[in-house]
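The values are calculated or read from the model by the stated rules, or taken from the named source; none is laboratory data. From a predicted model like this one, the values you see are computed outputs, not experimental measurements. All Cβ positions, even for glycine, are placed from backbone atoms using ideal geometry, and neighbour counts span all protein chains on display.
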Amino acid sequence: MKKKGLSKKPSASVQPQRREVDLSTWLLSIALVLAPLTAGRLEVGGEPVEPSLRGVITALFTTGTLLPVAIWVVALLVLAAVVWEWRKHPVGADPIPLPARVMATALLVWMLASVLFSWYRWGTVVAWSYWALAIAAAWLFARRQAQSVWATGLALAMAGTLAAAFAMREYAENVRTVPDWRVFGTFFNPNFLAGYLCLTMPVTLALAVALAGDRKELRWLLAFWAWMQMVAILLTGSRFGTASAVLALVVSAGWMVWNRSWNRQRALLFAGVCLAVLGTALFTARSLTARVTPQAAQAGEHSGGFRVWTWRGTMSMVRAHPLWGTGLGTYEIAYPRYAYVGFTRLAHNSYLQIAAESGVPALLLLLGTLGVLAWGVLRAEASPANPVDADSTSMPVDPRVLRAGLAGAIAAGLARNLIDSDWYIFACLLTFWAVVGLMLSLTLHESGQGVKLTRLYVAHTALLAVACVVLTLRMGGALQANSANWNLSQGIVDEQGYQRALRWEPFNGDHYLSLGMLYLGMARAGDASRAAEAERTLRRSAELMPLSKTWYHLGNLYRDVLGDLERAADAYRRALQLDPHALRVMTELGTTLERQGKLQEAEAVYRQMLRVESSMYHQVRAIPELPEVEYAFAYAGLARIAKRQGKPQRGVRELYARALQILDADRDAREKNPMAQAMPRTAERERALEELRQECERALR
C-alpha cells in the first residue's frame, strides 16, 4: 500500500536535491578566487607590460594595467556556469522574492538608461556590465545547495586567505625599512583590501565554527585562515576597515545567539581566534597603532575632513542631476565641476556615488532590493523551522552558523560602503553579491512563484552575454593599447597600436587621448604635419570624454606648436569650465595672457589662484604634506605684472620671495617624504620649475 503524500517521481516544479558539486559550482568558485587576485585594482597608474602571454599573466596578478582582461575572464566563467546549470538542471524554482527580482531588474535598466544622459557613454556601458555581471552571479550563487554551498564557502575562504597571504608577505618585505607600512596586497589601496577581507573573514570563521563531526584538522585550518585574514585587516592600517571587521564579528555572534546555534564549543573557538589576533596585534600592527597617535589623529581628522567635503561635492552633483545622474562610471569626469576640495577618483561613499552617477531612483532601487531580501531573510530565520535547514543535512557544517557568518559579512560590506566606494572595485562588488546570493541559498526556501525557471535562465544568460560582449571589446582595446604603450616605453612609435585599440573600442576617449598625445609629441619634436592629426584626435577625445586635461593639452598644442595664442586661451578656458580648480591650467592661461599683453586678465587669473589657496580647496587636501607648487607660478606671475606696471619694488620682491618659499618647501618634501618620491615628475616639468626658481633668485639678488 502506497504511503500517503509520497510520489515515485519528483515534482517538476521542485528541483531535486543535488548532493554532488557540479561544474557550475566549480566555475563560480574559480571566479571567486580569481577576483581578489586579479580584479582588486583600478585601471589607473599601471605601467605597460610586455605584450606576451607571460607579460599578460604577470600583469593580471601584479598591476591594474590589464584589469579589463581579468574581469573578462571572470565574466566568461560566470557565463559558462549559467549555461551549464541550464543544461543540467532545467527545472526548478526561483528562491528570490518577486519584488526583489523586479527591483533588481529595474535597477539594471535604470543604470543602463543613464547612458542617454551620460557624460561618457562608453564608460557608462562598461561600468554597467560590471553590475550586470555581479547581480546575475548573485542569482547563480542563490541556487547553490548543500555540498555546493559548502564548496563555494570554502572557495570564498580560500580567496580571502590568498589575499591575506599576499598582504602578509608584502608586510614582511617592507616592515624593516618602514615599520608602519600599510599593506596593499593585490588591491588598489589598503582600505579596499580591508573592505574585501571584511567580506571573507566572517565567512571563513563561521565555516570553522560550524564544522561538524570529526574534521578537527580542517576546523583548525579554517580557524588559522580566519586568523590570517583578521591580521591582514590590521596590517592595512584601515581604521574603519578594522571597525567594520569588529562589526562583522559582533553581528555574527549575535546572529548565532538569535538562531540558537551558539554553544560552548563554538564560543571557545570563536573567542580563541579573536584573542590570537589581539595577541598578534601587539607585535605586528604598527601600521594600525601608528594611526592612533596624536599626530596620526590630526592627520586622520584631516582625512575625515577631506571625505566630508568630498561628500558635500558629491551631493552637489546629486542636486544638479537628481533623476538620471551624470552616467554610471563618470564620477571622475563630472565631479571636478562640483568639487569643494581636491581631486579624487571615487566619492568615498558608494551610495552617494551611485546617486550622483545614476540618479536618486537608482539608489532607491538598490536599497529597496537589499531591503526586500533582508526582510525575507529575517522572516525565514525567525520562523520555528527553516525548510533549508532540513534540506541541508548532507552539509558538513551547521547552516545556521554559516548564515551568521554571511550576515556579519553583509553588515560589514554595507557599513564599509558608507566610508569608501568599495563597490567600484570589481572584486569587492562581485564578492558582496556572491555573499548575498549564498545567504539567500541558505535562508529562502525555493518556491514556485513568479517566473518559470526557463525564462530566468534565458534572462540571465542574455544579460551575461551582453555583458561579455561589452567586456570582450573592452579587453581587446586594453590589450592593443597596452601593446602600443609598451612599444612607446621602448622608444618605438606604435601609432597603429592605438588605431587597433580604437577598432575594438571606437568610442573610448582614452584611446583617442593617447593617440592625440602621441601626435602632439611628434609635432613638438618637429613633425609639423602631425599637428592637425593631434588636434583632430584630441578634439574627438574631448567630445567622447570631456576631461579638463584634454582641453589643457589642446591649449598647449595651439600655443606651443601652432603659435595661436587666442585659440590656446580659449582651450584653457574650456578646461577650466570642466574643472574650475585646475591650477596647472590657470598657470598656463595666465602665462598665455601675459604673452598676449592682456595683463589685467592675466592678473585676474593669478589672483583667482590665490583665492583658491586661501579656500577650503587648498586647506583640505588628500596629501597635505606635499606643497602645491602651482601657487609659486601665480606669485611669480603677479610679480612680473607688478614690475611691468611700475609698482613698488618692495611688493615685487615680496611676491618673488613667497614663490621661492613654496619652491623650497617642495624641494624639502621631495627629498624627505617617501610619498613625494613615489610621484616622479616629467623632465619638462622639472625644467619649468628650475626656470621659475632661477627667475625668483635673480629677482631677489
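Numbers for the structure displayed
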{"item": "Residue in the range 441-459 that is aromatic (F, W, Y) and touching a strand residue (DSSP E or B) at 6+ places or on another chain (Cβ under 9 Å) present", "result": "no"}
{"item": "Residues of the range 57-93 satisfying the condition of being outside any loop (DSSP other than H, G, I, E, B) and of a type outside the set (A, V, I, L, M, F, W, C)", "result": "T58, T62, P68, E85, R87, K88"}
{"item": "Cβ pairs under 6 Å, 6+ apart, first in the range 417-436 and free of Cβ contacts under 8 Å to residues at least 12 places away in the same chain and of a type outside the set (V, I, T), second surrounded by 24 or more Cβ atoms within 10 Å (Cβ to Cβ) and not in a loop (DSSP other than H, G, I, E, B)", "result": "none"}
{"item": "Any helices (runs of 4 or more DSSP H) falling wholly within the range 210-290 and containing at least 2 residues that are under 20 Å from A159 (Cα atoms) and modelled with pLDDT of 95 or more", "result": "216-235, 239-258"}
{"item": "Count - residues of the range 521-544 that are in contact with an Asp or Glu (Cβ under 8 Å, 6 or more places away or on another chain) and buried (at least 23 other Cβ atoms within 10 Å of the Cβ)", "result": "1"}
{"item": "Residue that is on the phi < 0 side of the Ramachandran plot, touching a helix residue (DSSP H, G or I) at 6+ places or on another chain (Cβ under 6 Å) and not in a helix (DSSP H, G or I), where the choices are H511, H581", "result": "H581"}
{"item": "Among residues of the range 80-114, those that are β-branched (V, I, T) and over 31 Å from the mean Cα position of the chain (by Cα), counted", "result": "1"}
{"item": "Some residue of the range 110-126 being closer than 20 Å to D510 by Cα, in contact with a Pro (Cβ under 9 Å, 6 or more places away or on another chain), modelled with pLDDT under 95 and not in a helix (DSSP H, G or I)", "result": "no"}
{"item": "T393 vs. criteria at pLDDT 95 or above and either buried (at least 18 other Cβ atoms within 10 Å of the Cβ) or not in a helix (DSSP H, G or I) (or both)", "result": "no"}
{"item": "Residue match in the range 375-390 (condition: modelled with pLDDT under 95, of a type in the set (K, R) and closer than 27 Å to A142 by Cα)", "result": "yes"}
{"item": "Members of the range 475-508 found to be within 17 Å of M545 (Cβ to Cβ) and either free of Cβ contacts under 8 Å to residues at least 60 places away in the same chain or assigned to a helix (DSSP H, G or I) (or both), listed by number", "result": "G477, A478, A481, Y498, A501, L502, W504, P506"}
{"item": "Cross-chain or 6+ apart pairs with Cβ under 8 Å, the range 50-63 first and in the same structural domain as L34 (by TED's automatic domain parsing), then surrounded by 14 or more Cβ atoms within 10 Å (Cβ to Cβ) and at pLDDT below 90", "result": "A59/G46; A59/T65; T63/G46"}
{"item": "Enumeration of residues in the range 566-622 that are closer than 14 Å to G637 by Cβ and among the charged types (D, E, K, R)", "result": "R584, E588, E594, R595, K598, E601, E603, R607, E613"}
{"item": "Residue in the range 185-208 that is surrounded by fewer than 16 Cβ atoms within 10 Å (Cβ to Cβ), in contact with a strand residue (DSSP E or B) (Cβ under 7 Å, 6 or more places away or on another chain) and part of a helix (DSSP H, G or I) present", "result": "no"}
{"item": "Among the residues listed as R144, R169, R215, the single one being surrounded by fewer than 22 Cβ atoms within 10 Å (Cβ to Cβ) and over 26 Å from the mean Cα position of the chain (by Cα)", "result": "R215"}
{"item": "Verdict on S350 being in contact (Cβ under 8 Å) with a residue 60 or more places away in the chain, among the polar types (S, T, N, Q), in contact with a Leu (Cβ under 6 Å, 6 or more places away or on another chain) and buried (at least 21 other Cβ atoms within 10 Å of the Cβ)", "result": "no"}
{"item": "Filtered residue count, the range 613-629, keeping only those that are under 29 Å from the mean Cα position of the chain (by Cα) and in a helix (DSSP H, G or I)", "result": "4"}
{"item": "Test set (1) modelled with pLDDT of 95 or more; (2) under 29 Å from E43 (Cβ atoms) - F184 fails condition number", "result": "(1)"}
{"item": "Selected residue [out of contact with any Leu (no Cβ under 6 Å at 6 or more places or on another chain) and closer than 23 Å to G64 by Cα] from L565, L547", "result": "L547"}
{"item": "Residue count for the range 600-623, restricted to those that are surrounded by fewer than 17 Cβ atoms within 10 Å (Cβ to Cβ) and in contact (Cβ under 8 Å) with a residue 40 or more places away in the chain", "result": "3"}
{"item": "Hits in the range 520-544 - residues which are out of contact with any Ser or Thr (no Cβ under 7 Å at 6 or more places or on another chain) and under 14 Å from R574 (Cβ atoms)", "result": "E535, R539, E543"}
{"item": "Output for the range 480-520, where each listed residue is among the aromatic types (F, W, Y) and crowded, with 22+ Cβ neighbours inside 10 Å", "result": "Y498, Y512, Y519"}
{"item": "The range 628-660, residues that are polar (S, T, N, Q) and touching a residue at least 12 places away in the same chain (Cβ under 8 Å)", "result": "Q645"}
{"item": "Selection count where residues are assigned to a helix (DSSP H, G or I) and either free of Cβ contacts under 8 Å to residues at least 24 places away in the same chain or in contact with a strand residue (DSSP E or B) (Cβ under 8 Å, 6 or more places away or on another chain) (or both), scope the range 544-564", "result": "2"}
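Yes/no per residue for (1) outside the structural domain of A70 (by TED's automatic domain parsing); (2) under 22 Å from the mean Cα position of the chain (by Cα):
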site: A465; (1), (2): no, no
site: G476; (1), (2): yes, yes
site: L479; (1), (2): yes, yes
site: W486; (1), (2): yes, no
site: L515; (1), (2): yes, no
site: G521; (1), (2): yes, no
site: A525; (1), (2): yes, no
